[in-house]
Amino acid sequence: MRHLLSSLIALAAAVMFVSAPVSAQSQVTAKPAPAAKAWTMPRTPEGKPDLQGVYSNATTVPVARPAYLGAKEFYTDENDKVESAKAAPAGRGGRGGAPRPAAAADPEGNGLAVHYDTSQFGLGGPTVKRAASLRTSIITGPEGRVPPMLPEVAKMVAERRAYQQAHQWDSAQNRPLAERCITWGFEGPPMMPVGYNSTLEIVQGKGYVGIVQEMIHDTRVIPTDGRPHGPAEIKRWMGDSVGHWEGDTLVVETVNYNPLVVIQGAPVSDAAKVTERFTRVDADTIQYQFTVDDPKTWVKPFSGEYNMVHIDGNLYEYACHEGNYGMANNLSGARATEKK
Amino acid sequence: MQIQMRSRWGSWLLVGAAGAALFYLAVIPTPAQAPAYKAPKTKDGKANLNGIWQAMNEANWDIRPHAAYVGPVSVLGAAYSTPAGLGVVEGGEIPYKPEAAAKQKQNFTDRLKLDPEIKCYMGGVPRSTYMPYPFQIVQGTGTVMIVYEYAGAVRVINMGAPTKAPADSWMGWSNGHWEGDSLVVDVTSLNDQTWFDRAGNWHSDALHVIERYTPIGADALQYEATIDDPKVFTRQWKMSMPLYRRLEKNAQLLEYKCVEFAEEVLYGHLRKQPLQGKGDSK
């Protein structure tokens, strides 16, 4: 049974991969730190900082800082990354730039082998342009990791997970939101890098900033005309975002999330507020900062930061639901198994 | 329209008074556009199409002229039957090849099983424009984004040097340019999975659409879509309709992420426990 399930998941993964025919990637090595040359903020005809373009938010920086780095928030240089990794406990992988374990090293299918090894598809490693970064984790601050959930939330998450596992093949509605092509959970806000398709495009019109993410073509049209949030009755998968400019930084505040939305492993509450800050820092780079404040879920707010880097490619259509053959295949496989 | 312009030019030349012609050119706007509406401009001098727009017609039921008729699900009665519509096809008739016309009739008969709208598939072009949901134009510099509430479909129209699609897709590949106040969008690489309406009017993957969005008033655009698909139609044809601005002060695009609404119809037969009618009243 276990093998069947892993292969079903692998099949679903493969099929969903096929449903995304092309991916916006361009082949560039990491850029050196920008030289101190004269650069002036490009502006839209409206006089706002021009953030428009296609960006990659792919990164090798992990969300949580590896424990062996303690409170160290930045590496001193590229060499320090390599040297610091030597302090990593044996057997660790996939974090902090260390190589991820090959599928062959994970024969029991404990979860590492069944998701994509993106390098097999030419989507990982050096094929993806990434902003250079010396950060040790996306989550900022001395702890460098998401704080604990409130005990009652942790209990609810565990119960949900247990129910999910016991009933995971009962119906389409029992599958994770990502597999259902409703949301992958990376689109946010906060927007988080994904293993592949970590690409987004920004378009600015008068009074609005549009952000489309390649992953499930999820799009936010963020008003910057000073209007308040919409009615609290209207909960949304991507929340309800309004923006304003603070100097040259676009600040976006999001509330009114659909209660099924999960941020860093925890369902959002009706008190959740996410604040994002977009600052163009050079010709190629937008600094992206976020704070998640959800006092009904986490013991304290947390913040994160990464850079997204301009790429020359286009965004391509990720028709996730339209190509989701994996859903019917998985469910019919489960029904067939029950008859055995 | 170019032909029209040329003939005007011809008549002016016949008059033979170059000075008079120059005078006319200076005071009379281009004769190509019938309504001489001058659109407000963006700061970079383009017609300002920013806004939330919606069609107000019955084209999504049937783009051809049609009387009202009963809907496909009898228990829904008058609430979900088909409203009558004058149609949006210029000339009223779609020039199907005979076998293609037969397929449309079959599509209509089997529409509950086949209509991609029921399955929450992206609407494609031009259907997304006149589905009964708003869409928003975010007019950037170098790109124009069109976001549709239905299924969260989105297009980012390239306004630079035309580019080519690497593969077919649901919303196609859009290259745009300005002709006066009109945004003209050349849409190619559309797949053959979308329809024009709920009546099963269809196209193949050879579909090529040229769209024109022309401001005709402060709160209205004229939308034209020239349809070319030699596998299905005997000639090019055109649909045309006004689009209206959503004037609510708080107008905004909401989410119609409809996957959840389509899961029972797509996967309900694969449930462990059948819903036993519960799905119809939720």
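Per the Kirkwood definition applied to all pairs of different Cα atoms, how many angstroms is the hydrodynamic radius of chain B?
Numbers: mean 1/r = 0.0477 Å⁻¹.
Across chain B, the inverse of the average 1/r is 21.0 Å.
Based on Cβ point charges of +1 for Lys and Arg and -1 for Asp and Glu, what charge dipole magnitude is obtained for segment A:167-253 about its Cα centre, in debye rounded to the nearest 20? If you can, show how the numbers build up before the last one.
On the way: 7 positive and 12 negative charges, 40 e Å.
Here the size comes out at about 200 debye.
As a footprinting exposure proxy, order A:MET191, B:MET159 by other Cβ within 10 Å, with the fewest listed first. Working shown, then result.
Working: A:MET191 23, B:MET159 20.
Neighbour counts put them in this order, fewest first: B:MET159, A:MET191.
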Fewest first, what order do A:VAL261, B:VAL70, B:VAL259 take by the number of other Cβ atoms within 10 Å?
B:VAL70, A:VAL261, B:VAL259
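Please average, across the residues of A:43-52, the number of beta carbons from any other chain that are within 10 Å of each residue's own beta carbon, and give a whole number.
Values: counts 0, 5, 8, 4, 1, 0, 0, 3, 0, 5.
So the per-residue partner count for this stretch is 3.
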Any idea what the dipole of chain B comes to, in debye rounded to 20, about its Cα centre with Lys/Arg Cβ at +1 and Asp/Glu Cβ at -1?
220
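Fewest Cβ neighbours within 10 Å first, please rank B:LYS103, B:LYS249 accordingly.
Numbers: B:LYS103 15, B:LYS249 5.
The order, fewest Cβ neighbours first, is B:LYS249, B:LYS103.
To the nearest whole number, what is the average tally of beta carbon atoms from other chains within 10 Å of the beta carbons of peptide A:231-242? Provide the component values of the computation, followed by the final result.
Details: counts 1, 0, 0, 3, 1, 3, 5, 3, 1, 3, 0, 1.
Whole-number average of other-chain Cβ neighbours for A:231-242 is 2.
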What are the trypsin sites (Lys or Arg not before Pro) within segment B:111-209 that DSSP puts in a loop, where the Cβ has at most 16 other Cβ atoms within 10 Å?
B:LYS164
Which whole-number percentage describes the relative contact order of segment B:71-172, with Cα contacts under 8 Å and a sequence gap of 6 or more?
17
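Could you compute the net charge surrounding B:LYS272? Neighbours are other residues with a C-beta less than 11 Å from the C-beta of B:LYS272; K and R count +1, D and E count -1. Write out the running numbers ahead of the final one.
On the way: positive: A:ARG335, B:ARG271; negative: A:ASP170, A:GLU338.
In short, 0.
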Spelling it out for A:LEU150: with amide H atoms placed in the peptide plane at 1.01 Å from N, the residues 5 or more places away or on another chain with amide H under 5 Å from its amide H are A:TRP298, A:VAL299
Between A:MET41 and B:LEU86, what is the label-point separation in nm under the 7 Å Cα-to-beta-carbon projection?
5.0
Work from the charge dipole of chain B (Cβ charges, +1 for Lys and Arg, -1 for Asp and Glu, about the Cα centre) and give the residue of B:ALA151, B:LEU253, B:VAL89 farthest towards its positive end.
B:LEU253
By a straight-distance test (C-alpha under 19 Å), which lysines pair with A:LYS155 as possible cross-link partners, with residues fewer than eight away in the same chain excluded?
A:LYS296, A:LYS300
Grab the other residues whose beta carbon is less than 13 angstrom from that of B:ASP205, score K and R as +1, D and E as -1, and report the net.
-3
Listed residues A:GLY304, A:HIS244, A:VAL255: farthest to the positive end of the dipole of segment A:234-320 (Cβ charges)
A:VAL255
Surrounding charge for A:VAL274, neighbours by C-beta under 13 angstrom, Lys/Arg +1, Asp/Glu -1, total -2
Taking springs between alpha-carbon atoms closer than 10 angstrom, which of B:GLY140, B:GLY77, B:GLY123 fluctuates most in the Gaussian network model of chain B?
B:GLY77
Pulled fully out, how much extra length does the chain show between A:HIS244 and A:ARG335, if you take 0.36 nm times their separation in residues and subtract their Cα-Cα distance?
27.7 nm
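Determine the dipole magnitude for segment A:211-340: charges of +1 sit on the beta-carbon of Lys and Arg, -1 on that of Asp and Glu, nothing else is charged, the reference point is the Cα centre, and the result goes in debye to the nearest 20.
Details: 12 positive and 19 negative charges, 155 e Å.
It works out to roughly 740 debye.
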Pairwise label distance in nanometres, A:HIS167 with B:TYR256, each label 7 Å out on the Cα-Cβ vector:
3.0
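Coordinate-derived values only; no laboratory data. On a predicted model such as this, the values are computed, not experimentally measured, just so you know. Quick reminder, even Gly has a Cβ in these numbers, built from the backbone with ideal geometry, and neighbours come from all protein chains shown.
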